[in-house]
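Chemist: Attaching a single structure in structure tokens format; questions to follow.
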Amino acid sequence: MEKMSTRSQWTNLSQLACSAAAAALLFAAAPAQAQEPIKIGFGMSLTGPLSANGKSSLLAMKIWEDDTNAKGGLLGRQVKLVYFDDQSNPSTVPGIYTKLLDIDKVDLIVSGYASGQIAPAIPIAIQKKKLFISLFGTGVNEQFKYDRYFSMIANGPTPKPAFTRGFFKVAEQQTPKPQTIAIAMADAEFGRNACEGAAENAKTAGFKVVYNKTYPPATTDFSPVVRAVAATNPDLFVICSYPLDSVGMVKAMLEVGFKPKMWGGAMVGLQATVFKTQLGPMLNGLVNFETWLPQKSMAFPGSLELLKKYQERAGAEGVDPLGYYMPVWAYSYLQVLGQAIGETKTLDDGKLADYIRKATFKTVVGDVKFGKDGEWVVERVMAAQFQNIKGNKIDDFRDLSTEVIIYPPEFKSGEVIYPYEKAIAK
């Protein structure tokens with residue numbers, strides 16, 4: 001009996017060893033999906049005044065997540081976006097990123113949309129020594145000089161003047177050349193930075209600045225601002241504003257009846273379909289910055305395919321139905337991150353930052369290379385003019401003849417109508 005018991009024990013041990021070996025083989029052969037996903041964390045404006053652009057950005061990021069996972073993920077693992085609504089309120093941002101890193105234990109972080117939401121996240125990234133790729137921040141790293149920061153926006157090495165450079169280049173070419181300019185800005189991160197750049201551009205172009213003031217970020221009635229500017233009788237009027245301000249300024253210009261020779265500049269929000277359809281023909285003649293439009297000259301590899309996927313999902317997601325503004329940029333900053341991970345085979349923030357600093361990336365907004373302070377090496381902000389808008393329907397803006405690229409020459413799709421009074425008379 002004792003002999004048989006010993007044999008039985010050896011048999012059981014042998015069976016257990018075989019089972020363990022088989023389990024090990026099965027685990028080794030397990031698909032990537034069985035492993036923990038790579039978690040990418042961020043805050044995004046899903047409510048509040050920045051939400052039109054924030055929500056369209058998020059949809060593009062979800063499409064990148066789906067596209068990446070359909071190809072097998074990164075490093076043999078799926079990717080997962082972990083995000084929270086920052087409510088368009090910069091004060092919520094530090095708490096969101098602290099939670100993402102300390103509680104949710106995300107592997108990597110990227111920024112939300114807009115300068116005001118990016119700036120308060122950078123100190124957290126610095127403290128935790130995290131790579132930080134931002135989405136549409138204007139010169140926010142000038143004060144931090146953080147060497148693991150990279151900016152997905154086409155502002156180039158001088159980001160503050162970039163937003164209005166096209167406006168000034170077009171104005172300079174008019175005959176007779178305009179002489180005076182007024183500048184008004186939201187007293188907030190983007191407004192101050194962009195209009196500081198506008199003042200630099202005005203000096204370079206030889207225009208006399210006759211008005212240069214901020215307005216409080218909570219302003220809702222812009223008629224007093226426009227009247228104060230009109231009293232200085234400038235040839236040009238540049239505004240650096242956030243979405244709701246931009247809408248208010250357009251309405252106030254029409255209400256007051258102020259007609260400078262050219263106006264616009266750095267008005268955020270007017271790129272979003274929801275505001276375009278709200279304002280309709282009131283936009284005619286306004287010259288504003290643009291970063292991408294689905295013109296033939298800007299059909300970079302993958303951009304139109306992304307736009308098609310985005311538009312197919314936009315209705316169900318309740319976001320901008322056209323997606324001409326933020327989607328390509330939100331997709332592309334994750335492309336940069338994904339390509340860096342794929343090439344370095346690591347999630348180490350320092351090694352990723354070292355690679356991003358040196359590489360050129362192929363994205364849906366074209367080739368991207370980063371330089372000083374994490375800004376683009378080459379500037380590519382455009383100036384566009386709204387022309388011949390007849391109504392307030394989406395199709396009025398689906399037709400790209402109502403928003404004409406007038407600068408730079410390599411992307412130009414039409415000619416400026418000057419002065420402004422001539423454009424609104426059509």
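Chemist: Out of Lys351, Lys390, report the one residue that is farther than 30 Å from Glu36 by Cβ and basic (Lys, Arg).
Modeler: Unique residue meeting the criteria: Lys390.
Chemist: Only one of Tyr324, Tyr310, Tyr242 is out of contact with any strand residue (DSSP E or B) (no Cβ under 9 Å at 6 or more places or on another chain) and either of a type in the set (Val, Ile, Thr) or surrounded by 22 or more Cβ atoms within 10 Å (Cβ to Cβ) (or both). Can you tell me which?
Modeler: Numbers: Tyr324 fails: out of contact with any strand residue (DSSP E or B) (no Cβ under 9 Å at 6 or more places or on another chain); Tyr242 fails: out of contact with any strand residue (DSSP E or B) (no Cβ under 9 Å at 6 or more places or on another chain).
Result of the check over Tyr324, Tyr310, Tyr242: Tyr310.
Chemist: State the number of residues belonging to the stretch 305-332 that are of a type in the set (Phe, Trp, Tyr) and over 12 Å from Leu58 (Cα atoms).
Modeler: Here the count works out to 2.
Chemist: In this structure, does Gln335 turn out to be touching a strand residue (DSSP E or B) at 6+ places or on another chain (Cβ under 8 Å), under 21 Å from Pro409 (Cβ atoms) and polar (S, T, N, Q)?
Modeler: Here the answer is no, as Gln335 does not meet what is asked.
Chemist: May I ask you to list the residues in the stretch 123-150 that are within 18 Å of Leu334 (Cα to Cα) and among the hydrophobic types (A, V, I, L, M, F, W, C)?
Modeler: Ala125, Leu131, Phe132, Ile133, Leu135, Phe136, Phe150
Chemist: Hey, any hits in the stretch 167-189 for a residue that's modelled with pLDDT under 95 and either in contact with an Asp or Glu (Cβ under 9 Å, 6 or more places away or on another chain) or at negative phi (or both)?
Modeler: Yes, the stretch 167-189 contains a residue that is modelled with pLDDT under 95 and either in contact with an Asp or Glu (Cβ under 9 Å, 6 or more places away or on another chain) or at negative phi (or both).
Chemist: Could you grab me the full set of residues in the stretch 31-61 that are more than 15 Å from the chain's Cα centre (by Cα) and in a helix (DSSP H, G or I)?
Modeler: Ala32, Gln33, Ala34
Chemist: Only one of Phe190, Phe168 is closer than 29 Å to Val416 by Cα, in the same structural domain as Pro409 (by TED's automatic domain parsing), outside any loop (DSSP other than H, G, I, E, B) and touching a residue at least 60 places away in the same chain (Cβ under 8 Å); which?
Modeler: None of the others qualify; the one that does is Phe190.
Chemist: Just to be sure before I move on: is Ala24 modelled with pLDDT of 95 or more, among the hydrophobic types (A, V, I, L, M, F, W, C), surrounded by fewer than 18 Cβ atoms within 10 Å (Cβ to Cβ) and farther than 21 Å from Tyr97 by Cβ in the structure I sent? Walk me through it before giving the result.
Modeler: Working: modelled with pLDDT of 95 or more: no; among the hydrophobic types (A, V, I, L, M, F, W, C): yes; surrounded by fewer than 18 Cβ atoms within 10 Å (Cβ to Cβ): yes; farther than 21 Å from Tyr97 by Cβ: yes.
Here the answer is no, as Ala24 does not meet what is asked.
Chemist: Among residues belonging to the stretch 108-154 that are in a loop (DSSP other than H, G, I, E, B) and of a type in the set (A, V, I, L, M, F, W, C), point out the one that is farthest from Phe370 (Cα to Cα).
Modeler: Ala114
Chemist: Could you pull out the residue among Pro176, Pro234 that is surrounded by 17 or more Cβ atoms within 10 Å (Cβ to Cβ), part of a loop (DSSP other than H, G, I, E, B), over 28 Å from the mean Cα position of the chain (by Cα) and assigned by TED's automatic domain parsing to the domain that holds Lys276?
Modeler: Of the residues listed, the single one that is surrounded by 17 or more Cβ atoms within 10 Å (Cβ to Cβ), part of a loop (DSSP other than H, G, I, E, B), over 28 Å from the mean Cα position of the chain (by Cα) and assigned by TED's automatic domain parsing to the domain that holds Lys276 is Pro234.
The values are calculated or read from the model by the stated rules, or taken from the named source; none is laboratory data. These numbers come from a predicted model, not from an experiment. FYI the Cβ positions are ideal-geometry reconstructions off the backbone, even for glycines, and counts take in every protein chain you see.
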